Structures are given as structure tokens and as C-alpha cells.
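Participant: My structure is below; once you've seen it, I'll send some questions.
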There are 2 protein chains.
Amino acid sequence: MRLSRFFLPILKENPKEAEIVSHRLMLRAGMIRQEAAGIYAWLPLGFRVLKKIEQIVREEQDRSGALELLMPTLQLADLWRESGRYDAYGPEMLRIADRHKRELLYGPTNEEMITEIFRAYVKSYKNLPLNLYHIQWKFRDEQRPRFGVMRGREFLMKDAYSFDLNEAAARVAYNKMFVAYLRTFARMGLKAIPMRAETGPIGGDLSHEFIVLAETGESGVFINRDVLDLPVPGEDVDYDSDLTPIIKQWTSVYAATEDVHDAARFEQEVPADKRVNTRGIEVGQIFYFGTKYSDAMKALVAGPDGVDVPIHGGSYGVGVSRLLGAIIEACHDDAGIKWPEAVAPFRVSILNLKQGDAAVDAACEKLYAELTAKGVDVLYDDTDQRAGAKFAAADLIGIPWQIMIGPKSLAEGKVEIKKRSDGSRETMSPADAVARLVG
Amino acid sequence: MRLSRFFLPILKENPKEAEIVSHRLMLRAGMIRQEAAGIYAWLPLGFRVLKKIEQIVREEQDRSGALELLMPTLQLADLWRESGRYDAYGPEMLRIADRHKRELLYGPTNEEMITEIFRAYVKSYKNLPLNLYHIQWKFRDEQRPRFGVMRGREFLMKDAYSFDLNEAAARVAYNKMFVAYLRTFARMGLKAIPMRAETGPIGGDLSHEFIVLAETGESGVFINRDVLDLPVPGEDVDYDSDLTPIIKQWTSVYAATEDVHDAARFEQEVPADKRVNTRGIEVGQIFYFGTKYSDAMKALVAGPDGVDVPIHGGSYGVGVSRLLGAIIEACHDDAGIKWPEAVAPFRVSILNLKQGDAAVDAACEKLYAELTAKGVDVLYDDTDQRAGAKFAAADLIGIPWQIMIGPKSLAEGKVEIKKRSDGSRETMSPADAVARLVG
């Protein structure tokens with residue numbers, strides 16, 4: 001993509017409404033624009049990252065055997081009366097009347113609707129297990145939306161819903177999602193630690209939050225440092241095998257949010273030199289809630305003995321849009337964002353340091369064409385800005401690799417490559433630069 | 001995908017609420033489920049097609065130079081008061097109050113919001129031309145939603161919005177979208193004919209509807225048969241070149257909906273043997289509306305002479321979710337859907353005609369593994385249904401290629417391949433079947 005043809009409205013000033021660094025950087029880098037309190041438009045740079053995150057989430061859900069469908073944003077109030085949550089949910093639920101005065105709501109979550117879909121079609125244990133997920137915009141009418149996409153009102157979530165015959169089978173489904181989540185966040189370059197959690201309004205008795213460590217995070221967390229070095233299951237993990245050993249390994253090392261922190265246990269279990277008290281951001285949560293919704297909504301299947309029983313359910317959320325904020329909170333410096341490669345809006349930026357110089361222009365065009373032809377996502381800064389502004393913009397938007405081409409180095413047949421994550425620089429021929437950045 | 005692990009709730013009976021064939025087939029094939037009047041959940045089979053259509057639309061928008069962003073579903077009422085459309089839009093607009101009694105609406109279209117985004121950042125003609133698009137769920141509170149996804153209330157649209165300094169430049173943008181639309185629909189296997197159209201509530205003085213011919217369509221259309229044979233621009237079309245010759249070629253052959261049909265001109269221009277009067281379905285519409293929104297909302301840029309002028313705009317919609325219905329209306333027979341390959345939920349279906357027979361099972365598994373490894377999307381019917389039910393389901397859901405494996409033909413080292421579009425059958429070795437279906 002040529003920057004001269006892209007839409008990248010970078011802000012020079014720090015927006016005063018932004019209280020946290022991810023919100024500030026997303027506004028300054030031209031990634032989002034607020035359209036109403038807690039409601040954002042995703043400008044092209046932000047949209048590209050959002051899609052990359054969404055795609056990683058999707059691939060790992062698919063790999064685990066979950067099936068994607070899509071539920072609408074609007075739901076009938078009557079569906080929520082069945083579960084008893086319509087009145088219970090409170091003012092965070094956005095309630096709507098259509099032209100015929102029918103009561104609708106903008107879905108804050110989808111346990112009711114997916115249970116309704118399930119019960120309409122599945123009648124026998126033979127069709128289990130089943131895990132259905134969707135990636136959809138949801139709405140929660142926060143009293144005071146803030147922190148940009150971290151606590152928005154309209155936000156993108158992945159939610160999976162599992163259906164099983166009994167608790168043992170439901171725990172197998174739970175474990176699959178646990179492993180899928182470990183892989184999902186690791187692929188984005190994040191250390192997201194599963195921590196035992198309260199179940200809250202979803203209900204049930206088993207839940208883990210996945211928390212990204214970031215000093216600017218909303219929750220205090222206490223961990224045994226060893227948890228940071230636990231191995232994340234590889235692409236070859238067999239979801240049909242018994243995943244219990246992986247779960248045991250990850251849940252036997254101390255990791256808790258301040259809400260459920262047990263100071264006595266922490267001091268007893270964790271050696272002093274391994275105790276870490278830091279902060280974190282929740283990016284996912286998984287729940288086993290048993291028959292809470294299937295009892296209320298009569299989602300029954302015939303068991304092997306022919307007797308109808310309510311299914312055991314779980315739900316599994318990932319905050320897709322929130323993840324952009326979480327990643328920036330974890331990966332930035334004073335100059336801007338440092339995107340992990342897997343979610344970067346572009347992988348490489350070419351900075352033409354003397355736009356209009358025939359040799360420099362030609363070298364930039366050639367490199368741009370070569371990298372693009374090899375499938376590398378390149379943002380080519382071909383604008384007439386001065387070099388300093390190009391450096392600042394490239395650091396701000398956080399592209400992992402910057403290739404700088406100016407008359408001096410080019411006269412020696414060289415370009416300079418800068419790695420954004422650590423600031424390291426190297427000088428090499430354009431051909432070596434291509435070889436380095438491809439594959 | 002193994003059918004035993006997929007979620008494909010096929011209905012045996014014709015649902016009585018479905019008045020048209022696409023609605024009936026989408027319900028019977030387990031593609032959608034109605035959640036409220038005109039509001040659907042997309043079950044896994046339908047979701048797969050929706051994503052394929054969305055991706056083709058995206059690729060052709062990108063190819064034309066349009067930039068993707070995403071606007072939220074909810075908008076502030078005040079934004080629409082600026083353009084004067086808040087009161088004008090009528091009861092199709094879903095109006096909402098949040099917990100603080102702020103007036104919101106569920107976007108039925110986005111001219112106002114994109115103009116607001118544009119004017120916030122773009123101040124000079126030097127940043128033009130610009131074409132921004134999004135693919136988003138929208139809501140129109142139809143008095144009487146019906147015909148399934150063809151006239152739903154919550155529906156998926158692609159909308160592009162172009163910004164140019166003057167009318168001549170805006171017509172260049174319009175022509176790019178015209179060509180992109182020709183390519184988009186052709187890639188889906190559709191003959192979508194551009195027809196001069198009324199501009200309606202969007203405003204402006206230039207518009208074309210893209211209409212798919214289907215006997216069950218909503219609009220009567222009159223065309224010169226020659227329009228069906230006009231060449232669609234290829235992948236190598238140069239969007240930076242003058243596209244006028246392509247537009248002239250397509251707009252000089254008679255094609256009109258009954259609303260704007262001119263019987264006298266039709267008879268004068270079109271030889272009797274080339275006159276076609278049939279029906280069609282609108283799948284896209286493009287508008288040039290000049291300064292309608294930029295005047296009202298003060299979207300000005302400084303021209304080359306330094307004087308601020310209102311930009312000239314256009315908008316360009318594709319009914320992404322509606323396209324599923326349109327494609328089915330155009331491509332089906334009494335047995336079910338006949339998906340064009342580019343949008344089929346799976347490309348190949350393997351039918352195991354004797355589940356449990358060791359040789360047949362092994363041959364099916366081997367073929368499934370080979371095709372999957374070569375990147376072919378396969379649905380493997382490994383259920384314990386009888387052969388007749390498998391044939392009927394495969395025809396209903398419309399996978400383009402069916403490979404049938406039973407004990408008799410397998411004893412001779414053969415499988416049977418059926419092409420869904422014309423019903424033709426061939427017998428060949430499994431290795432030949434793989435060679436035929438790969439690439």
C-alpha cells in the first residue's frame with residue numbers, strides 16, 4: 001500500500017480525552033475515531049489489525065473443532081424472559097422497540113439465543129458434542145464508557161457455546177477451549193495467563209479469565225513467575241486426546257486476580273523469589289455453567305437410555321476489539337506502538353527519505369514491487385513529508401520492520417533496516433533486505 | 001469437514017412461511033434460522049457462503065483502490081439532523097434511546113457518518129481522490145419483512161463512499177465502482193446487468209442498479225439480449241486508466257427496469273429478436289449525488305487555488321446477505337440449490353454409500369485426506385443415513401461436485417462423480433477423481 005493513497009490521519013497532539021496509553025496511541029495513529037460515547041469507527045489502519053486478530057481467533061476455534069455461525073445483533077426480549085435474565089440484566093442492556101412496538105434488545109451476550117437454536121434442531125445425544133461460536137458486535141450500555149476500545153459500548157466479541165450430555169463431557173469441551181485460548185493469545189505475541197475466576201452474571205461454578213500482563217492493566221494479579229515459562233501447546237495438539245495434563249500443568253501454578261487472591265496460600269506455595277505482583281488486562285473468559293440455561297429454556301436431548309435430560313453448557317468469550325488495546329498496553333514505548341508481527345497492520349514500512357530524488361524513488365519502487373510480489377504486506381511512505389516526520393510516523397504506527405532509503409546510503413548500494421521492537425539497525429543491500437524480510 | 005461433526009439441520013418439510021424458492025431452500029438446507037421478523041441467524045452452512053461472497057466483494061473493492069474501514073452499527077441522531085434526514089427517513093429507521101436518554105439509531109446507511117469522518121481529517125484537494133468502504137450489518141425496519149434474506153430487517157451490506165474535488169473526478173470514481181461491480185458479480189457466477197435507475201432517498205442525479213436476471217425476481221426488466229454477451233473486465237483491468245470506453249459499452253445497450261422502461265425507445269433501438277422481457281433482482285446500486293451531503297454537513301476541502309469547496313460524493317452499495325437469496329433464485333432446480341463454485345459452502349462432497357463397510361470407509365477416508373491435503377473444501381458425508389437420503393441432502397445443499405463411493409463400483413476400483421450444475425455423471429478411479437477436482 002502506498003501511503004499517498006492510504007487514509008492514515010495521524011494526530012500530532014495528544015488527545016486530552018484519552019486516559020490510558022492504548023487509547024491515546026490508537027487515536028494518534030489514526031486507528032479509531034469516536035462516534036459516540038464508547039462507540040468507535042475503525043479507520044483503515046485499526047481495521048487491518050482488528051481483522052488479523054479476528055482471523056487468529058477464528059483459526060484456533062476451527063482447529064479445536066468449534067463450528068462458526070453468526071447470530072444477529074438484535075434479539076427478542078421474550079427470549080430473555082424465558083431465562084429470567086431480561087429483568088435481571090439491568091441498565092447495561094440496550095432495550096429497543098420496533099415500529100410495531102415489539103420489544104427487542106441489542107445482544108450483550110448470546111446464551112439464550114444459542115440455546116434456542118440448539119433446542120430447535122438437536123434432539124439426541126448422538127449429535128453431541130457440539131460447540132458453536134460466532135464473532136459479532138455486541139452492545140453493553142456502560143454507565144461510563146472509557147479507555148477507548150478497552151471499555152466500549154459497541155464491541156466485537158468471539159463467543160463459543162458448548163453443548164454436552166453431562167458434566168464430564170462438558171469439562172472435555174471446557175478443556176478444549178482452555179487450550180485453544182492458550183494458543184490464540186500466544187499467536188498474537190501475548191503472555192495471557194489463565195486465572196481461576198468468579199462466574200458473575202453468566203452463572204455456573206467453573207471459570208477462568210485469561211489475563212495479559214501489563215503495568216497499565218485494570219486488575220492487580222499475583223502469579224508465580226514459573227507460569228510465564230509454561231509451554232503453549234503447538235499446532236499439532238490433538239483435540240481428540242485427553243487434554244487434562246495440559247490443564248493441570250497450567251492450573252497448578254499459582255495465578256490469581258486480586259479479587260480471588262489468597263495471600264496465605266500464595267506465600268505458602270510460591271517461593272519468595274518467584275512471587276510477582278503486577279497488573280493485567282482480561283482478554284478472554286471461559287465458563288462452565290451446567291444446566292442453568294437448558295433447565296430454564298428446556299433444552300433437552302434423549303440420552304442413550306431414551307430419557308430426556310437437560311444439556312450441560314459452557315460459554316467462552318474473547319474480547320476481539322478489546323485485544324487491540326490490550327496488545328498496545330503490553331507492547332509500546334514513548335514513541336508509539338510496537339506491534340507483534342502476527343497482528344501488525346503491515347509487516348514492513350519503506351521510508352523514502354528523499355522523495356523526488358530519481359535514484360531513491362527508483363530504489364524504493366523496486367523494493368516495494370519485490371516485497372509485494374512475494375506476499376509481504378508493505379506500507380510504502382511515498383509522501384513528500386520530511387525524513388523526521390516519516391521516522392516519527394513509522395514509530396508511532398508500530399510497523400515491525402522499517403526500511404530506510406536515502407541518497408547517502410544508496411550511493412553505497414545500501415539501505416538501512418530498523419527493527420521496531422528493539423530499535424536495532426542494520427545496513428545491507430536491497431537484495432539482502434528482501435531476503436531477510438521474506439519468509 | 002466430516003458431516004458427523006458438522007451442524008447441518010436439514011428440514012424434510014417445506015416451511016410454510018417461505019413464499020419464494022430461495023427462502024424455502026435456505027431454511028430447508030439449514031442455512032438460516034429466523035430469530036425475529038426479518039432477523040436471521042446464519043447457521044454454519046449459510047455462514048460459509050456469506051463469508052465467501054463477502055470476500056469476493058472485498059477483493060474487488062480493494063483491487064479498485066477503495067480502502068476498507070468499519071463504522072459502528074449505532075449512530076447519533078444529531079448527525080442525521082445535520083443532513084436533514086433524521087425526520088425525513090420515516091419509520092424504517094430504528095430509533096433508540098440509551099440509558100442517558102441520548103438518541104441513537106441503528107444505521108440504515110452511512111452517508112452522514114462517513115462525511116463526518118472525512119471532514120474531520122481531510123482539508124486539502126491533495127488528499128483526494130478517496131474512496132472508503134465498509135462491510136457492516138444495517139437495519140431497516142420494514143413494515144412487512146419477507147422473502148427471507150431478500151428483504152430482511154438486519155442485513156449485511158458493503159457500502160463505499162467516494163470523495164472528489166469536482167464532478168469530473170467524481171465520475172471517474174463512479175466508473176471505477178461500475179467496473180468493480182461488473183467483476184464482483186461475474187466472479188460469483190452471476191449475470192448482473194447494470195441498469196439506469198432512480199436515485200430515491202439517497203439523492204443525486206446519476207445511478208445504476210445491478211440486476212440479476214431470475215424469473216422469480218421482484219422487478220420486471222427489459223433488455224437487449226446483446227447485453228448478456230458483453231465482456232466483463234478481467235483481473236488485469238487498469239483502474240488508473242480511462243474506464244469510459246467500458247462504461248459506454250455497457251450503457252449503450254438497452255437495459256431498463258419497468259420503473260424507467262421506455263417502450264418506444266425499446267422498440268426503436270432493439271431488433272425484435274433481441275428483445276427480452278424478464279424479471280430480475282437488485283443486488284447492488286451506485287449513486288453520484290454531488291454536493292448533497294457536503295453542502296449540508298460542510299465537508300469542504302481547499303482546492304488548488306486555496307478556496308474551500310464542498311466535495312462531490314458518491315455511494316455504492318452491494319447487498320451481501322441478499323446475494324445469497326439472489327444466487328439461489330438464479331441457480332436452483334426442484335432438488336435444491338446449485339451453487340456456483342466460487343461461492344459454494346464446500347466444493348466437493350464425498351458420499352459414503354455404505355458406512356461401516358471396511359473397504360468403502362477406507363476408500364472414503366483416503367480420498368477425504370487427499371483432497372483436504374490439497375486444499376479442496378470437502379464435506380464428507382460419513383453419517384449412517386441410507387444412500388437415498390445422502391443423495392437428496394447433497395442435491396439440496398448444492399455442493400458443485402459429489403463423489404459417490406459404494407461397494408459395487410469400488411470393487412472395480414471406481415468411484416462416481418456427479419456434477420450438480422447439469423447432473424452429468426462419470427465413473428473413474430479415485431486417483432483420477434483427485435486429479436479432476438484439484439486445481
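Participant: How large are Rg and Dmax for segment B:137-177 when only the alpha carbon atoms are used, in Å?
Facilitator: Spelled out, the Cα radius of gyration and Dmax of segment B:137-177 are 15.6, 41 Å.
Participant: Report the Stokes-Einstein translational diffusion coefficient (µm² s⁻¹, integer) for segment B:288-426, Rh taken as the Kirkwood radius over Cα pairs, at 25 °C with viscosity 0.890 mPa s.
Facilitator: On the way: Rh = 18.5 Å.
Approximately 133 µm²/s, per Stokes-Einstein.
Participant: Just how far, in whole angstrom, is segment B:41-110 from segment B:172-243 if you go by their alpha carbon centroids?
Facilitator: So the two Cα centres are separated by 23 Å.
Participant: Kirkwood-based Rg over Rh for segment B:365-439 (C-alpha set), two decimals?
Facilitator: Using only Cα positions, Rg/Rh for segment B:365-439 is 0.93.
Participant: Continuing with the same structure: Please pull out the direction-averaged projected area of segment A:250-329, using the convex hull of its alpha-carbon atoms, in nm² to one decimal place. Can you show the working numbers first?
Facilitator: Values: hull surface 36.3 nm².
That works out to 9.1 nm².
Participant: Further, regarding this structure: Place a point 7 Å from Cα of A:Q143 in the direction of its Cβ. Which residues in segment A:31-75 have their backbone N less than 17 Å from it?
Facilitator: A:38
Participant: What FRET efficiency comes out for the pair A:E17/B:F266, r = Cβ-Cβ distance, R0 = 56 Å, nearest 0.05? Could you put the intermediate results ahead of the total?
Facilitator: Working: r = 59 Å, r/R0 = 1.06.
The calculated FRET efficiency here is 0.40.
Participant: Right, next: For segment A:1-101, what relative contact order do you get, as a whole percent, if you take Cα pairs closer than 8 Å and at least 6 residues apart?
Facilitator: After rounding, I find 15 percent.
Participant: If you don't mind, another one. Please report, in Å, the Rg and the Dmax of the protein assembly as shown, where both are computed over Cα atoms only.
Facilitator: 28.3, 95
Participant: If you fit an axis through the alpha-carbon atoms of helix B:44-63 and take the longest principal axis of the Cα set of chain B, what angle between them do you get, 0 to 90°, nearest 10?
Facilitator: Around 50 degrees separate the two axes.
Participant: Given a 10 angstrom Cα cut-off, can you work out which residue in A:P194, A:P15, A:P271 is the most mobile in a GNM of chain A?
Facilitator: A:P271
Participant: Taking R0 as 41 Å, what's the FRET efficiency between A:D384 and A:A342 from their Cβ-Cβ distance, rounded to 0.05?
Facilitator: Calculated value: 0.80.
Participant: Say each of A:V438 and B:E167 gets a label point 7 Å from the Cα, pointing the same way as Cα to Cβ; how far apart are those two points in nm?
Facilitator: About 4.9 nm, to one decimal.
Participant: Among B:K52/B:K158; A:K123/A:K292; A:K51/B:K51; A:K123/B:K51; A:K12/B:K158, which pairs are too far apart, with a Cα-Cα distance over 20 Å? Don't skip to the end; give the middle numbers.
Facilitator: Working: B:K52/B:K158 14 Å; A:K123/A:K292 18 Å; A:K51/B:K51 13 Å; A:K123/B:K51 29 Å; A:K12/B:K158 32 Å.
Result: A:K123/B:K51; A:K12/B:K158 exceed 20 Å.
Participant: Which distance in Å, rounded to a whole number, links the C-alpha centroids of segment B:295-313 and segment A:360-439?
Facilitator: 35 Å
Participant: Still on this structure, please answer the following. Quote the charge dipole size of segment A:253-308 about the Cα centre in Debye, to the nearest 20; the model charges only the Cβ of Lys and Arg (+1) and of Asp and Glu (-1).
Facilitator: 140 debye
Participant: Here's something else I'd like to know. For segment B:147-234, which semi-axes, largest first and in whole Å, follow from the square roots of 5 times the eigenvalues of its Cα gyration tensor?
Facilitator: 23, 19, 14
Participant: Still on this model: For A:D384, which inter-copy label distances result when the label point lies 7 Å beyond Cα on the Cα-to-Cβ vector, reported in nm to one decimal and in ascending order?
Facilitator: In nanometres, ordered from closest: 7.6.
Participant: Separate question: Pairs of alpha-carbon atoms within less than 8 angstrom and 6+ residues apart define the contacts here; what relative contact order does chain B have, in percent?
Facilitator: Computed over chain B, the figure is 17 percent.
Participant: Can you list residues whose amide H is under 5 Å from B:L67's amide H, if they're 5+ apart or on another chain and H is modeled 1.01 Å from N?
Facilitator: Answer set, sorted by chain and number: B:N131, B:L132, B:Y133.
Participant: A follow-up question, please. Using DSSP to call loops (not H, G, I, E or B), can you name the trypsin sites (Lys or Arg not before Pro) in segment B:331-379 whose Cβ has at most 16 other Cβ atoms within 10 angstrom?
Facilitator: Those that pass, being in a loop and sparsely packed, are B:K374.
Participant: Can you tell me the Rg and Dmax of segment A:1-58, counting just the alpha carbons, in angstroms?
Facilitator: Radius of gyration, then largest Cα-Cα span, for segment A:1-58: 12.3, 36 Å.
Participant: Per residue of A:63-72, count partner chain C-beta atoms within 10 Å of its C-beta, then hand back the mean as an integer.
Facilitator: The per-residue average across the peptide is 6.
Participant: Next up: Would you please give the residues with an amide H less than 5 Å from that of A:V415, counting only those at least 5 places away or on a separate chain, with H modeled from the backbone geometry?
Facilitator: Residues meeting the criterion, in which the H sits 1.01 Å from N, are A:M428, A:S429.
Participant: Pull up all non-local amide H partners of B:V301: gap of 5 or more, or a different chain, and H-to-H distance under 5 Å with H placed in the peptide plane.
Facilitator: It is B:V309, B:I311, by chain and number.
Participant: Here is a follow-up. Beyond 11 Å, how much of the Cα-Cα pair distribution for segment B:117-163 remains, as a whole percent?
Facilitator: 74 percent
Participant: Taking 37 °C and 0.692 mPa s as the conditions, I'd like the Stokes-Einstein D for segment A:90-178 in µm²/s, using the Kirkwood hydrodynamic radius from alpha carbon pairs.
Facilitator: The estimated diffusion coefficient comes to 213 µm²/s.
Participant: Still on this structure: Please report the Cα spread of segment A:57-123 along all three principal axes, rounded to whole Å, starting with the longest.
Facilitator: Answer, in whole Å and largest first: 42, 29, 24 Å.
Participant: While we're on this one: Excluding same-chain residues fewer than 8 positions from A:K101, which aspartates and glutamates have a Cα within less than 12 Å of its Cα?
Facilitator: Here the aspartates and glutamates satisfying the reach criterion relative to A:K101 are B:D141.
Participant: Something else: Take the Cα radius of gyration of chain B and divide it by 2.2 N^0.38 Å, with N its residue count; two decimals is plenty.
Facilitator: Output field value: 1.10.
Participant: In whole Hz, what ³J(HN,Hα) sequence does segment A:317-323 give by Karplus (6.51, -1.76, 1.60; θ = phi - 60°), x for Gly and Pro?
Facilitator: Computed from phi, the couplings for segment A:317-323 are x, 10, x, 5, 5, 4, 4 Hz.
Participant: Could you run the Karplus curve 6.51 cos²θ - 1.76 cosθ + 1.60 with θ = phi - 60° over segment A:310-315 and give me ³J(HN,Hα) per residue in whole Hz, x for Gly and Pro?
Facilitator: Rounded to whole hertz, the list is x, 6, 9, x, x, 9.
Participant: For segment B:360-377, take each phi angle, set θ = phi - 60°, evaluate the Karplus expression 6.51 cos²θ - 1.76 cosθ + 1.60, and give the result in whole Hz per residue in order, putting x for glycine and proline.
Facilitator: Values, residue by residue: 5, 4, 5, 5, 5, 4, 5, 5, 4, 5, 5, 5, 4, 4, 8, x, 7, 6 Hz.
Participant: Expressed in nm², what is the orientationally averaged projection area of the convex hull enclosing the Cα positions of segment A:210-249? Kindly include the intermediate steps, with their values, before the conclusion.
Facilitator: Working: hull surface 15.9 nm².
With every direction weighted equally, the projected area is 4.0 nm².
Participant: Given the alpha-carbon gyration tensor of segment A:3-160, what are the semi-axes of its equivalent ellipsoid in whole angstrom, ordered largest first, with each equal to the square root of 5 times an eigenvalue? Walk me through the numbers before you get to the answer.
Facilitator: Working: eigenvalues 225, 97, 31 Å².
Sorted largest first and rounded, they come to 34, 22, 12 Å.
Every number here is computed from the coordinates shown, using simple stated rules; none is lab data. Values in this document were obtained by computation on a predicted structure and should not be read as measured data. FYI the Cβ positions are ideal-geometry reconstructions off the backbone, even for glycines, and counts take in every protein chain you see.
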